[in-house]
Amino acid sequence: MSAAAEPCFRINGLRRLDGVLRVNGAKNAALPCLAASLLSDEPSRLRRVPDIEDVRRFLEILSALGVESEFEENEVVVRPSGVCAGSPPDNLAAALRASFLVMGPLLVRTGQASCGTPGGDVIGARPLDVHLAGFRALGAEVESVGGRTVARAANGLRGATFVLDYPSVLGTENLLLAATLARGRTRLVNAAMEPEIVCLAQMLRRMGARISGAGGHTITIDGVERLGGADQELIPDRIETGSLLIAAAVTRGRACLQGVEPDHLESLLGKLSEIGAVIRREPGQLDIEVGNHTRLVATNLQALPFPGFATDLQAVMTALLTQVEGTSVVHERVFENRMQHLDELRKFGANIIAGGAAPVVIGPTPLSGAVVRGTDIRATAALIVAALAADGPSRIFGVSHLSRGYSDLPGQLQALGADIELARSADTLTN
Ligand code: EPU
């Protein structure tokens, strides 16, 4: 695509956000729950599914495996018929990291699974050693054949105690999926504790799996013979929720977000309160308010596995920290290359020194409109947030990154009063 024809978001900043919104279901719960549907011959229904590119790609993967699905009005019905086999086409595997989640279900159901290198955001090396060591612990042989991962377990998987080297989110999910139908008891020690794991475990239990401890460090799974279908509502998207709260704060505005789960956002809510935003929480609802004359002050943060500050909100929060008084240090402890938004933030006039894993943000700096490019889902969202606080027009490229993970962030911001639109190709000629 030529640069001139590329879509972008056109934003005129300095509009105060104010309004009420209902957030969508979680991207990172939708993908493992879709993978779970492969564990049964019976249909499963997922509700509150966000209409995002990653979900569309995952449904294409299911289709390539011979599994039909329908996706209408945020509901997906998956209809597996018989044990499906095969592997995701390489181009689809490369489209998203979660493509690798078909490995666990296919391995335990068919005794063999393979997948090309999974893609997704380029934010670090993102190895798969935790997944592979876990499959081996459950009795599989795993090798790399021509760049593809191939796992075999001719005699089926058997339960084992496995200590994850790192509490990988997708690693925990892949092993949880596989262990549901393994023989005997599996204990996943040092498991990821993210709310999306709890949502997946809830769906698996509805399918008949015997799981305890999800949401804690150790998950125990007693394998069963077979699983049925399930009807599962996804949890609200905590990253969408957090992005909208931060967007409201950066414009010194107000937002009332409904259908949310405040308990999933403790770390962010603590930081927002610490810098001076007023947060009100009720079951299922979060309100944020920052007045025109409210003094916002600096803070330090570390992106960590849950319940620490979410790495998926680190870039967006950094954009907000350019607008608070004082010096904030941002440590990224999850991905080694998730700071690509910094150079772009500087183009708005942000004062950020020393790149690498712990940049120092000095604020507040008045931002001016800029032409910038997002390089991954959350970096693009961060640049949108910066543009909301910038004086004058901005253009944000990287639209395809954003649509992988947010159903309609620009539409939601517009509903709250932002001046943001998707610019058509002809418009982009006048940068
Ligand atoms: N890691 C390993 N070995 C492994 C797996 C991971 O060393 O086998 C390392 C990674 O390189 C990284 C760290 O562990 O440094 C964390 O990776 P993790 O496996 O936990 O991440 P993930 O499961 O690949 C999911 C989300 C990401 C989110 C991370 C962390 C999905 C589909 N993706 O990725 O979401 O950032 O957990 O919370 O659930 C996003 O939504 O924008 C996104 C990138």
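The values are calculated or read from the model by the stated rules, or taken from the named source; none is laboratory data. Quick caveat: nothing in here was measured; it's all calculated off a predicted structure. Glycine gets a Cβ as well: all are built from the backbone with ideal geometry, and neighbour counts include every protein chain shown. Keep in mind that these areas ignore ligands, DNA and RNA; they rest on the heavy atoms of the full protein, side chains included. Shrake-Rupley method; radii C 1.70, N 1.55, O 1.52, S 1.80 Å.
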Practice prompt. Give just the number: which of (1) of a type in the set (A, V, I, L, M); (2) at pLDDT below 95; (3) within 16 Å of the ligand (Cβ to nearest atom) does Ala85 not satisfy?
Written response: (3)
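Pick out the one residue from Arg15, Arg10, Arg109 that is buried (at least 16 other Cβ atoms within 10 Å of the Cβ) and in a loop (DSSP other than H, G, I, E, B). Outline the logic, then answer.
Working: Arg10 fails: in a loop (DSSP other than H, G, I, E, B); Arg109 fails: in a loop (DSSP other than H, G, I, E, B).
One residue alone meets the criteria, Arg15.
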Discussion item. Looking only at the stretch 216-228, how many residues end up being touching a Lys or Arg at 6+ places or on another chain (Cβ under 9 Å) and either surrounded by fewer than 21 Cβ atoms within 10 Å (Cβ to Cβ) or at positive phi (or both)?
Written reply: 5
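Can you tell me which residues in the stretch 140-159 are crowded, with 19+ Cβ neighbours inside 10 Å and in contact (Cβ under 8 Å) with a residue 12 or more places away in the chain?
Answer for the stretch 140-159, where residues must be crowded, with 19+ Cβ neighbours inside 10 Å and in contact (Cβ under 8 Å) with a residue 12 or more places away in the chain: Ala140, Thr149, Ala151, Ala153, Leu157, Gly159.
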Worksheet item: Can you tell me how many residues in the stretch 176-206 are in a strand (DSSP E or B) and among the β-branched types (Val, Ile, Thr)?
Response: 2
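Identify the residue in the stretch 53-82 that is part of a loop (DSSP other than H, G, I, E, B) and open to solvent by less than 30 Å² (accessible area, probe 1.4 Å) and, among all such residues, is farthest from the ligand (Cβ to nearest atom).
Of the stretch 53-82, the ones part of a loop (DSSP other than H, G, I, E, B) are 65-67, 73-74, 80-82.
Checking which are open to solvent by less than 30 Å² (accessible area, probe 1.4 Å) leaves us with 65, 67, 80.
Working: Leu65: 18, Val67: 19, Pro80: 21 Å.
So the residue we want is Pro80.
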Item to complete: Check whether at least one residue in the stretch 119-138 is β-branched (Val, Ile, Thr), open to solvent by less than 30 Å² (accessible area, probe 1.4 Å) and farther than 22 Å from Thr186 by Cα, and report yes or no.
Response: yes
Worksheet, complete the sentence: Considering residues that are in contact with a strand residue (DSSP E or B) (Cβ under 8 Å, 6 or more places away or on another chain) and either under 20 Å from Gly405 (Cα atoms) or hydrophobic (A, V, I, L, M, F, W, C) (or both), the number found within the stretch 233-269 is 22
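Enumerate the strands (runs of 3 or more DSSP E) found wholly within the stretch 350-392, keeping only those where 1 or more residues are farther than 18 Å from Val324 by Cα and open to solvent by 30 Å² or more (accessible area, probe 1.4 Å). Break it down stepwise before answering.
Numbers: elements: 351-353, 360-363, 371-373.
Once the strands (runs of 3 or more DSSP E) in the stretch 350-392 are filtered for at least 1 residues that are farther than 18 Å from Val324 by Cα and open to solvent by 30 Å² or more (accessible area, probe 1.4 Å), what remains is 371-373.
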Response to the item:
Restricting the stretch 234-255 to residues that are open to solvent by less than 20 Å² (accessible area, probe 1.4 Å) and assigned to a strand (DSSP E or B), the one farthest from the ligand (Cβ to nearest atom) turns out to be Ala255
Worksheet item: Within the set of pairs 6 or more residues apart or between chains, which connect a residue that is in a helix (DSSP H, G or I) inside the stretch 123-136 to a residue that is open to solvent by less than 30 Å² (accessible area, probe 1.4 Å) and near the ligand (Cβ under 6 Å from one of its atoms) with Cβ atoms less than 8 Å apart?
Response: Val130/Ser168; Val130/Gly171; His131/Ser168; His131/Gly171; Gly134/Gly171
Item to complete: Return yes or no: is Glu173 touching a residue at least 60 places away in the same chain (Cβ under 8 Å), among the charged types (D, E, K, R) and outside any loop (DSSP other than H, G, I, E, B)?
Response: yes
Fill in: Flag for Arg346 being open to solvent by 40 Å² or more (accessible area, probe 1.4 Å) and either at negative phi or outside any helix (DSSP H, G or I) (or both)
yes
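State yes or no: is Pro50 within 16 Å of the ligand (Cβ to nearest atom), in a loop (DSSP other than H, G, I, E, B) and either in contact with a strand residue (DSSP E or B) (Cβ under 8 Å, 6 or more places away or on another chain) or at pLDDT 95 or above (or both)?
Considered against the rule, which asks whether it is within 16 Å of the ligand (Cβ to nearest atom), in a loop (DSSP other than H, G, I, E, B) and either in contact with a strand residue (DSSP E or B) (Cβ under 8 Å, 6 or more places away or on another chain) or at pLDDT 95 or above (or both), Pro50 comes out as yes.
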Worksheet entry | Residue satisfying all of: in the stretch 1-35; among the aliphatic types (A, V, I, L, M) and within 17 Å of the chain's Cα centre (by Cα); nearest to the ligand (Cβ to nearest atom) among these | Leu31
Worksheet item: Got at least one residue in the stretch 284-294 being surrounded by fewer than 15 Cβ atoms within 10 Å (Cβ to Cβ), at pLDDT 95 or above, within 23 Å of the chain's Cα centre (by Cα) and outside any strand (DSSP E or B)?
Response: yes
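For Val108, state whether it is modelled with pLDDT of 95 or more and of a type in the set (Val, Ile, Thr).
Values: modelled with pLDDT of 95 or more: yes; of a type in the set (Val, Ile, Thr): yes.
When the stated conditions are applied, Val108 passes them.
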Worksheet item: part of a helix (DSSP H, G or I), away from the ligand (no atom under 11 Å from the Cβ) and surrounded by 22 or more Cβ atoms within 10 Å (Cβ to Cβ): does that describe Leu38?
Response: yes
Worksheet item: Restricting the search to the stretch 314-343, which residues are in contact with a strand residue (DSSP E or B) (Cβ under 8 Å, 6 or more places away or on another chain), within 16 Å of the ligand (Cβ to nearest atom) and in a helix (DSSP H, G or I)?
Response: Gln314, Met317, Thr318
Worksheet item: When the stretch 83-104 is examined, which residues are found to be assigned to a helix (DSSP H, G or I) and open to solvent by less than 60 Å² (accessible area, probe 1.4 Å)?
Response: Leu92, Ala93, Arg97, Ala98, Ser99, Phe100, Leu101, Val102, Met103, Gly104
Worksheet item: In the stretch 160-175, what residues are surrounded by 24 or more Cβ atoms within 10 Å (Cβ to Cβ) and more than 19 Å from Pro307 (Cβ to Cβ)?
Response: Asn174, Leu175
